[in-house]
1. Has segment 30-43 got at least one residue that is charged (D, E, K, R) and over 20 Å from the mean Cα position of the chain (by Cα)?
2. Have a look at Leu105, Leu204 and point out the one that is part of a strand (DSSP E or B) and in the same structural domain as Pro275 (by TED's automatic domain parsing).
3. Restricting attention to segment 216-231, which residues are among the hydrophobic types (A, V, I, L, M, F, W, C) and buried (at least 23 other Cβ atoms within 10 Å of the Cβ)?
4. Answer yes or no: is there a residue in segment 180-189 that is assigned by TED's automatic domain parsing to the domain that holds Ser145 and either part of a helix (DSSP H, G or I) or touching a Phe, Trp or Tyr at 6+ places or on another chain (Cβ under 9 Å) (or both).
5. Look through Gly360, Gly326 and report the one residue that is within 24 Å of Gly26 (Cβ to Cβ) and not assigned by TED's automatic domain parsing to the domain that holds Gly86.
6. Say whether the condition of being within 26 Å of Asp332 (Cα to Cα), in contact (Cβ under 8 Å) with a residue 60 or more places away in the chain and buried (at least 18 other Cβ atoms within 10 Å of the Cβ) is met by at least one residue in segment 156-164.
7. Pairs needed: first member in segment 98-119, more than 17 Å from Ile175 (Cα to Cα); second member anywhere, assigned to a loop (DSSP other than H, G, I, E, B) and aromatic (Phe, Trp, Tyr); C-beta distance under 8 Å; at least 6 residues apart or different chains.
8. Among (1) part of a helix (DSSP H, G or I); (2) more than 30 Å from Ala72 (Cβ to Cβ); (3) assigned by TED's automatic domain parsing to the domain that holds Asn180, there is one condition Leu314 misses while meeting the rest; what is its number?
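The values are calculated or read from the model by the stated rules, or taken from the named source; none is laboratory data. A quick note: this is a predicted structure, and the numbers were derived from the prediction, not measured. Cβ sites come from the backbone with ideal geometry, for glycine too, and all protein chains shown count toward neighbours.
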Amino acid sequence: MEAIRAGYDVYELRKQFPVLQRELKGKPLVYFDNAATSQKPKVVIDALVDYYSNYNANIHRGIHTLAEEATAAYEASREACRAFIGAASTDEVIFTRGTTEGINLVSHTWGRQHIKAGDEIVISTLEHHSNIVPWQMLAEEKGASLKVIPINDKGEILLDEFYKLLSSRTKLVSIVHASNSLGIINPVKQIIDAAHQAGAVVMLDGAQSTVHLDINVVELDCDFFAFSSHKLYGPTGVGVLYGKRELLEAMPPFHGGGEMIKEVTFEKTVYNDLPYKFEAGTPNIADTIAMKTAIDFINELGKDNIRRHEHALLQYGTELLKNIPGVRVMGDVENKVSVISFVVEGIHPQDLGVLLDNQGIAVRTGSHCTMPLMQCLNITGTTRASFAAYNTFEEIDRLVKGLDKAIKMLS
């Protein structure tokens, strides 16, 4: 039944993930913390081993065979990332350590170059700390203001209130594409178009959206877009910042050192062309190469198939959880990725998480790096179950049974 729903055999797929064969506390592992990081298929792990075993070398600078092989594999990953998000050129694909570094790169370069006293930066109530703190730091440094788009009781941003925030002082809008805490997908195309009409630049935090949604940065017309490998079945410590060429070319470098230069004298440095101007030093070569393998894995499964399966899991889990007395599902809207955040009346999320872990069920508890959102919702935090291509309906049944058992123990 699940194979039919998914468009692929979920049980065969699970065999490709070594960690899913593990037992936890004497029970088969149920891994529902995919919004934090997804598990890695053997092909991704093998890609890492293959690099270190067969062609480990630094890239771009060597003329020997290993260096040329490593460089070719590294740049093939850049092309895979370009195609995955629909960018026009690999020159617009900057490798970073992840979404957080991508946002900080824009803040420290474009932001310092363009934001001045009296200017306004607009974010939303749904933002992850990584899309709040860098802009707070920039605003404080420059004497600018941070404006926040409010949300309704369900967690959806209020577009009319966003439109009211826009003015000639608005220089940047930085918005999460899909909420890591609630799973809600924001109407980013409308936000981008309105921001551009006001003369503002737009950055999208794609950490949660890139693995679930079809991304085309050209069609979206966003100015910057950042995402991480480790949330799309790839390694940790690597990600991508997309930026429009004209913006990237005008921005100063983020880090100084090797690779980001054309010529260095003690009097003057001539910076390298895109994308290398923003990639100083020896990069995370192995993990960047393996990110292509992860993208190939997703493309082979098919995003439509994955999305259909995840949506079925989301609907199934949401209905079951809503029927448990005392459970309240947060962000219960139609347009969302496969994340269910919930609170249980009278029970702290951390206590719930410990008891579920004792039953072999891995969920995330707490504020999910969105403390201002939790304060807005008037809660201390949530328990979050987030689903991936390899999760099953039986696992959700185990979550519901485990939750029922935990609630009875804590009540």
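1. Within segment 30-43, one or more residues are charged (D, E, K, R) and over 20 Å from the mean Cα position of the chain (by Cα).
2. The conditions single out Leu204.
3. Cys222, Phe224, Phe225, Ala226, Phe227, listed by residue number.
4. Yes, that holds for at least one residue.
5. Among Gly360, Gly326, only Gly360 is within 24 Å of Gly26 (Cβ to Cβ) and not assigned by TED's automatic domain parsing to the domain that holds Gly86.
6. Within segment 156-164, one or more residues are within 26 Å of Asp332 (Cα to Cα), in contact (Cβ under 8 Å) with a residue 60 or more places away in the chain and buried (at least 18 other Cβ atoms within 10 Å of the Cβ).
7. Listed pairs, sorted by first residue: His108/Phe254; Thr109/Phe254.
8. Leu314 satisfies all of (1) part of a helix (DSSP H, G or I); (2) more than 30 Å from Ala72 (Cβ to Cβ); (3) assigned by TED's automatic domain parsing to the domain that holds Asn180 except (3).
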